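J.: Take a look at this one; I'll ask things after.
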Amino acid sequence: MNKESLKKVIIVCSIITVFSLAYILLKKLNNDSLEYDEYLKDYEVNEYIATYISDEAMAKIYLNDYINTMYYDTQAAYELLDLEYRNKKFGSFDEYKSYVLSQTNSSYKVDRYYIKNKDEYKYFGIYDTNGNFYLFKTNGVMQYSVFLDDYTVEI
């Protein structure tokens, strides 16, 4: 084989290699875009995507929801308190309002939490960074009653 023939073989092999790589890359890009297109599809009425939320994230959600309600709709936060607990601890809305006003300088970040399942309820016990305690008695997602301590009534 002379030099000229060898040069032609090398060029042909190079061209075949480049086209093969281009084909593989295009095939890979097309497969990825199909997965992305399926993710962005239009969902029908009552169709949903299941999402997992960890217990820690749920504890943060409950605490943030209650704290926001406490400051922006104090009456609604008062009504979220467990009825027996609310009557024994505060007695009236005005006493609860005084309690809320005394808490305005607090930081509400979850320091630690625990979860307990009892009967049909799931209890989220949460301690914030200031040492405040909140117990959320849940019977569904975002359906809860609140205790602000664990000693006023038996839980």
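J.: Per DSSP H run of at least 4 residues, take -39500 (n - 2.57); add these up for the chain, divide by its residues and hand me the 222 nm value, nearest 500 deg cm²/dmol.
T.: Estimated from H runs of four or more residues: -17000 deg cm²/dmol.
J.: Put +1 on the Cβ of every Lys and Arg and -1 on every Asp and Glu Cβ in the range 55-147; which of Ile115, Gln103, Tyr78 then has its Cα farthest towards the positive end of the dipole?
T.: The Cα lying farthest towards the positive end belongs to Ile115.
J.: Now for a different question. Given the Cα-Cα distance of Asn139 and Tyr114 and 0.36 nm per residue of separation, how much length would full extension add, in nm?
T.: Using 0.36 nm per residue and subtracting the Cα-Cα distance, I get 7.4 nm.
J.: So, one more: Identify which of Leu101, Leu81, Leu25 has the largest mean-square fluctuation in a Gaussian network model of the chain, with springs joining Cα atoms closer than 10 Å.
T.: Among Leu101, Leu81, Leu25, the largest mean-square fluctuation in the Gaussian network model of the chain belongs to Leu25.
J.: Tell me, what is the FRET efficiency for Gln75 and Tyr151 to the nearest 0.05, using R0 = 22 angstrom and their Cβ-Cβ distance as r?
T.: Given R0 = 22 Å and the Cβ-Cβ separation, E is 0.30.
J.: Sticking with this structure for a sec: Beta carbons within 10 angstrom, averaged per residue: use that to sort the peptides 57-66, 112-121, highest first.
T.: 57-66, 112-121
J.: For the range 55-147, what does the convex hull of the Cα positions come to per residue, in cubic angstrom?
T.: Roughly 92 Å³ of hull volume per residue.
J.: Between Tyr52 and Val100, what FRET efficiency comes out of the Förster formula 1/(1 + (r/R0)^6) with R0 = 35 Å and r the beta carbon distance, rounded to 0.05?
T.: 0.55
J.: Under a straight-distance cross-link criterion of Cα-Cα below 22 Å, which lysines are reachable from Lys109, leaving out those fewer than 8 residues away in the same chain?
T.: Lys60, Lys97, Lys122, Lys137
J.: What would the Debye formula give as log10 I(q)/I(0) at q = 0.15, 0.20 Å⁻¹ for the alpha-carbon point model of the chain, no solvent?
T.: One equal scatterer on each Cα of the chain leads to -0.86, -1.24.
FYI, it's all coordinate maths here, none of it is from the lab. Note that the structure is a prediction, hence the values are computed from the model and not measured. Using ideal geometry, Cβ is built from the backbone for each residue, glycine included, and neighbour counts are taken over all protein chains shown.
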